[in-house]
Amino acid sequence: MKNIRILFALFFTTLFCVGFAQKLDAGLAKKLNADEYGMKNYILVILKTGPNKTTDKQKLDSLFRGHMNNIRQLSKAGKMIVAGPFEQNDNQFRGIFIFDVKTKQEAAELLKSDPTVTKKIFEVEMYEWYGPAALPTYLKDQSKIEKKQH
């Protein structure tokens, strides 16, 4: 857990410092809804192991296909900014999402489209998170380097 926190701190501190080293682009700041510090609010979701302990491989494969499709759809819609798994850990943390929405209620609505959440493979914890407003801009480059899923 300590290592995960350190990695998060280093990653976002680097992003934050790089932002200060560059000239302010007021138009981009407005487009990204950035405040005077180049930051804005997001909703951070931690996915944890849920109570559904099914071992049916076919069912799990179907649920995780739906999970990945949902991530792609929400990313294309500009609602999901970050998604990714954790290594195995004692906290039962399985992954994170960062949603570009204003409220936990909006994030909860988006989570209703994820079958691994609705079928209780994952439980969620949600937090308001203040981070770099330019975080969503990496998605256009990410789509150029990731393996295409069908």
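Derivation of every value follows stated rules applied to the coordinates shown; laboratory data play no part. None of these values were measured; they are calculated from a predicted model. Cβ sites come from the backbone with ideal geometry, for glycine too, and all protein chains shown count toward neighbours.
Rounded to the nearest whole Hz, the Karplus-based 3J(HN,Hα) values (6.51 cos²θ - 1.76 cosθ + 1.60, θ = phi - 60°) of segment 73-90 follow the sequence 5, 5, 5, 4, 7, x, 8, 9, 9, 9, 8, x, x, 9, 5, 4, 8, 6, with x at glycine and proline. Full extension of the segment from Thr103 to Thr118, taken as 0.36 nm per residue of separation minus the current Cα-Cα distance, would add 3.5 nm.
When each of Thr55, Thr116 is scored by the number of other beta-carbon atoms lying within 10 Å, the sequence from fewest to most is Thr55, Thr116. Between the amide H of Asn33 and any residue lying 5 or more places away or on another chain, no distance stays under 5 Å, with hydrogens modeled in the peptide plane. Annotation: amide H-H contacts under 5 Å for Met80 (H modelled 1.01 Å from N, sequence separation of 5 or more, or interchain): Ser75, Asp100.
Each residue of segment 64-72 was assigned a 3J(HN,Hα) from its phi angle through the Karplus curve 6.51 cos²θ - 1.76 cosθ + 1.60 (θ = phi - 60°); the sequence is 6, 4, x, 4, 5, 4, 5, 4, 4 Hz, with glycine and proline shown as x. Rounded to the nearest whole Hz, the Karplus-based 3J(HN,Hα) values (6.51 cos²θ - 1.76 cosθ + 1.60, θ = phi - 60°) of segment 137-142 follow the sequence 6, 6, 4, 5, 7, 4, with x at glycine and proline.
Each of Leu60 and Glu146 was given a label point 7 Å from its Cα along the Cα-to-Cβ line. The distance between the two points is 2.3 nm. Note: segment 64-133, Cα convex hull, 101 Å³ per residue.
Between amide H atoms placed 1.01 Å from N, distances below 5 Å from Phe122 occur with Gly50, Val117, all of them 5 or more places distant or on a separate chain.
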